[in-house]
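Report on the following structure.
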Amino acid sequence: MRRLLAFQEVFLVLERPMDRLSDDDLALLLLIRCFERKLLALFEQGELNGTTHTCLGQEYIPVALRTLLREDDWVFSNHRGHGHYLARFEDPEGLLAEIMGRKGAVCEGVGGSQHLKRDRYLSTGVQGQSLPVAAGVALRLKRHEPGALACAYVGDGTWGEGAVYEALNLAALWRLPLLVVVEHNGIAQSTPTALQLAGTIEGRARAFGVEHHRIGVPDIPVIRAGLAPLVERVRTDPGPLVVEFATHRLGPHSKGDDTRPPDFPRTDWYAAYRAAHPVQSATIEEAARTRIDRIAAEVAARPPAVWTAA
Amino acid sequence: MRVGENLNRALHGLLADDPSVYVLGEDLLDPYGGAFKITKGLSTRFPDRVLTTPLSEGAVVGAASGLALAGGKAVVEIMFADFVALAFDQILNFAAKSVTMYGTRVPLPLVIRCPSGGHRGYGPTHSQSPQKHFIGIPGLSLFEMSPFHDNRAVLDRMLALGEPCLLFEDKVLYTRRMYEVDELFRWDLVDDVAVVRLDPGGPGGSGMSRGDAGPGGLEIPDGDLDYVLIVPGGLAHRALAAMRALLLGHDLAGVLLVPSRLYPFDPSPLLPILGRAPLVCVAEDGSAGGTWGGHVAADLHTRLWGRLRRPVKLVHSADSVIPTAAHLEREVLVQESTIRRAVLEGLGDSSAP
Ligand SMILES: Cc1ncc(C[n+]2csc(CCOP(=O)(O)OP(=O)(O)O)c2C)c(N)n1
């Protein structure tokens, strides 16, 4: 366990009771949580094909960013992207249909859990690959739609990919409006950060002259207040910004593949929130669970997705 | 006009006509103008859209895809085709897949220019013809520059496809003349395939002899059809030299086919002539194994089963890295003589009456 202490600095901290959230934010958070739980359950029942990566524990990150991002921003997501998608579109039906290969799927069932595109939202399953693409999009935005930005979500493990550094270099050189959101959950598949990351993400960003901002709390209003001026600056005075969230992956990497020891740190914002705001939580969670149960039943009954290959 | 100049003008014209086009690559700013000077003058005329990049082939192709996704069009120059390997993930797993993997077609107008081939003494890491590594990838088209295909038309066609395209440019072609063939020959375009054959008017015509485009280019009398050569643009001159030697030295008359688009390659319009030819030979640079020529041969064997008179003959470079010293490089790469010998061998193998 001594190794784990090496990245204590990026732990999520819950020092005080969490502030009350708006019903809207909480509803979205719990919609994502219930969606992800439902996926794991469906997998266990053999109802789902292939693989999936849930964002249990990390839901608050895209929800916090939701009000800071604009409709004309591009969002690049990764394998752990259900929360990113739901926070942008609140479309659990389309996403579940995509994952189940049913009619109404966002990408006709071709992309599945980790390859989604809708308007200016796009995810891919190869780690690091999206950062150069996001840089190219940011260049086009800077020229043609100043004020808009490209936001790319990556995990800590993805900082092993060379593409990340090539893209950071381009974004810094060309002063591109690129917001890199790092969900540092201390683990990459089965590998703890201490076994795969030398130095720090902050040090790597700063080496390119790229601004870095760390967030170690799950409180959405606090996160938004801290980030708002920084994100605004990416828009008005373009240049890349790396925002590193210390967070925790509560569930398995995909399904049934959690090999972490029981004492591996995993703080659940929701347990803390429920303790502080039991009535609000219970009501909204119940509504979210009912909604997701209904959607799951409805989507499962749909006919298969039809793909007319272009 | 030289082929390189034709390409340079094509890029100038493209940038001038279409404000959504960007050109990206290493060392392409003036006064340098790219390692082979193909981008000369572009950055002076279009400073906003001609971007010199760090040595980051992967990120540059990725960023070009981003430009294309967001409504632009992008042309990337890879300094030497060997280095396109560093962008393989972006090409294979992002650009090509993105066209279809999101369920509806996502247009991605992107051209990746790859100066390829040897004969310049650049050695093993700067001389390769890596076409074969990109064949058979859904959503990816391969083109090759040739002295018969106007580069502006080829660029326009690639960008209009709305999917990533690789353009292989044999470096040796940059200094060769466009549209020129030996006075023994004339050429026509049949679809996108340049068809070079004996000039029915006989020698003495102009070196620029070019017939009317159209299927007429395929009406070749049996007497003028001892073999058909199919080669990508980079081998055109070596193939023409072999044809000349075969005619003058062995009284064998052949037809040369040079397609602009290598993959996907549709041989349908060529089947009448291929089916009649005593021998079909496909020559290409690059070592054997999983090649464009192998792909074309397999396709022709299937389509012309029962009509082909002999197996399609394949010509590749030797199973070797490409050495630097001129005499060693010559032994490895396909030469005029390699093609000539292959045709003679092919025809001699089976002593049909
Ligand atoms: C290039 C590449 N290598 C390996 C994988 C397999 N893989 C998928 S997710 C993952 C771990 C990613 O870790 P991290 O970036 O920390 O994100 P997290 O899963 O923790 O959200 C791996 C190795 C991949 N998708 N892409």
(request) Would you mind computing, in nm to one decimal, how far apart the modelled labels at A:His213 and A:Ala225 are, each placed 7 Å from Cα along Cα→Cβ? (result) 1.4 nm
(request) Taking 7 Å along the Cα-to-C-beta vector as the label spot, tell me the A:Asp268-B:Asp17 distance in nanometres, rounded to one decimal. (result) 6.3 nm
(request) Classify segment B:230-353 as rounded, prolate or oblate, taking a ≥ b ≥ c as the square roots of the eigenvalues of its Cα gyration tensor: rounded when a/c is under 1.5, otherwise prolate if a/b is larger than b/c and oblate if not. (result) oblate
(message) Using alpha carbons only, how many angstrom separate the centre of segment B:18-69 from the centre of segment A:119-169?
(response) 19 Å
(request) Restricting to chain A, compute how many DSSP beta bridges are antiparallel as a %, nearest 5. (result) 20 percent
(request) If a/c stays under 1.5 just call it rounded; otherwise compare a/b with b/c (prolate if a/b is bigger, oblate if not). Do that for chain A, with a ≥ b ≥ c from the square roots of the Cα gyration tensor eigenvalues. (result) rounded
(request) Report the label-to-label distance for B:Arg330 and B:Asp191 in nanometres (one decimal), using points 7 Å from each Cα along the Cα→Cβ vector. (result) 3.9 nm
(request) Using Cα positions and a limit of under 26 Å, work out the lysines in reach of A:Lys117, with same-chain residues fewer than 8 apart set aside. (result) A:Lys38, A:Lys103, A:Lys142, A:Lys255, B:Lys73, B:Lys97
(request) Apply 1/(1 + (r/R0)^6) to the Cβ-Cβ distance of B:Arg176 and B:Lys37, taking R0 = 25 Å, and write down the FRET efficiency to the nearest 0.05. (result) 0.95
(request) Pop out the ³J(HN,Hα) list for segment A:217-227 in order, Karplus 6.51 cos²θ - 1.76 cosθ + 1.60 with θ = phi - 60°, rounded to Hz; leave Gly and Pro as x. (result) 10, x, 7, 4, x, 5, 4, 5, 4, x, 7
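Rounded, prolate or oblate: pick one for segment B:101-156, where a ≥ b ≥ c are the square roots of the eigenvalues of its C-alpha gyration tensor, a/c under 1.5 means rounded, and failing that, prolate if a/b is larger than b/c, else oblate.
Details: a/c = 3.01, a/b = 1.59, b/c = 1.89.
Because a/c hits 1.5 or more and a/b fails to exceed b/c, segment B:101-156 counts as oblate.
Counting only DSSP beta bridges with both residues in the protein assembly as shown, tell me the antiparallel percent, nearest 5. Walk me through the numbers before you get to the answer.
Numbers: 18 of 75 bridges.
The antiparallel proportion sits near 25 percent.
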(request) Work out the charge dipole of segment A:22-300 with +1 on the Cβ of Lys and Arg and -1 on the Cβ of Asp and Glu about the Cα centre, then indicate which of A:Pro146, A:Gly111, A:His253 is farthest towards its positive end. (result) A:Pro146
(request) Give me a single rounded figure for A:149-160: the average over its residues of other chain Cβ atoms within 10 Å of their Cβ. (result) 0
(request) Considering only DSSP beta bridges where both residues belong to chain B, give the percentage that are antiparallel (nearest 5). (result) 30 percent
(request) For segment A:252-310 and segment B:102-134, compute the distance between their C-alpha centroids and round to whole Å. (result) 44 Å
(request) Quick one: which residues, 5 or more positions from B:Val255 or on another chain, have an amide H under 5 Å from its amide H? H modelled 1.01 Å from N in the peptide plane, none for Pro or chain starts. (result) B:Tyr227, B:Val228, B:Leu229
(request) Taking amide H positions as placed in the peptide plane 1.01 Å from N, state which residues far from A:Arg102 in sequence (5 or more) or on other chains have amide H under 5 Å from it. (result) A:Ala305
(request) Enumerate the calculated ³J(HN,Hα) couplings along segment A:228-243 in order (Karplus 6.51 cos²θ - 1.76 cosθ + 1.60, θ = phi - 60°), each rounded to whole Hz, writing x wherever the residue is Gly or Pro. (result) 3, x, 5, 5, 4, 5, 4, 6, 8, 10, x, x, x, 9, 9, 10
(request) Would you work out which of A:Tyr60, B:Cys281, B:Phe168 lies farthest towards the positive end of the dipole of the protein assembly as shown, given +1 charges on the beta-carbon of Lys and Arg and -1 on that of Asp and Glu, about the Cα centre? (result) A:Tyr60
(message) Over the Cα atoms, compute the radius of gyration (one decimal) and Dmax (the largest Cα-Cα distance, rounded to a whole number) for segment B:64-138, in Å.
(response) 13.9, 46
(request) Mind putting a number on the dipole of the protein assembly as shown about its Cα centre? Charges go on the C-beta only, +1 for Lys and Arg and -1 for Asp and Glu, and I need it in Debye to the nearest 20. (result) 260 debye
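Please work out the ratio of the alpha-carbon Rg of segment A:83-130 to 2.2 N^0.38 Å and round it to two decimals.
Working: Rg = 10.2 Å, N = 48, 2.2 N^0.38 = 9.6 Å.
Computed over Cα atoms of segment A:83-130, the ratio equals 1.06.
Before rounding to the nearest 500, sum -39500 (n - 2.57) across all DSSP H runs of length at least 4 in chain A and divide by the residue total; then give [θ] at 222 nm in deg cm²/dmol.
Numbers: 11 runs with 132 residues, N = 310.
Counting only the DSSP helices, I get -13000 deg cm²/dmol.
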(message) To make sure I understand the rule: partners must be lysines, Cα under 20 Å from the Cα of B:Lys313, and not fewer than 8 residues away in the same chain. Which ones qualify?
(response) B:Lys132
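Diagonalise the Cα gyration tensor of chain B and give the resulting equivalent ellipsoid semi-axes, square root of 5 times each eigenvalue, largest first, whole Å.
Values: eigenvalues 236, 88, 81 Å².
Value: 34, 21, 20 Å, ordered largest first.
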(message) Just to check I understand the Karplus step: with θ = phi - 60° and J = 6.51 cos²θ - 1.76 cosθ + 1.60, what whole-Hz values come out for segment A:260-272, glycine and proline as x?
(response) 6, x, x, 8, 5, x, 8, 8, 9, 4, 6, 4, 5
(request) Tell me which residues come under 5 Å, amide H to amide H, from B:Leu51 once H is placed; ignore anything under 5 positions away on its chain. (result) B:Val23, B:Leu24, B:Gly25
(message) How long are the semi-axes of the equivalent ellipsoid of segment A:154-310, defined as square roots of 5 times the Cα gyration tensor eigenvalues? Whole Å, largest first.
(response) 32, 22, 21
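Taken together, the values in this text are just the output of simple stated rules run on the coordinates, not laboratory data. Just so you know, these numbers come straight off a predicted model, no measurement behind them. Here Cβ is always computed from backbone atoms with ideal geometry, including for glycine, and neighbour counts include all displayed protein chains.
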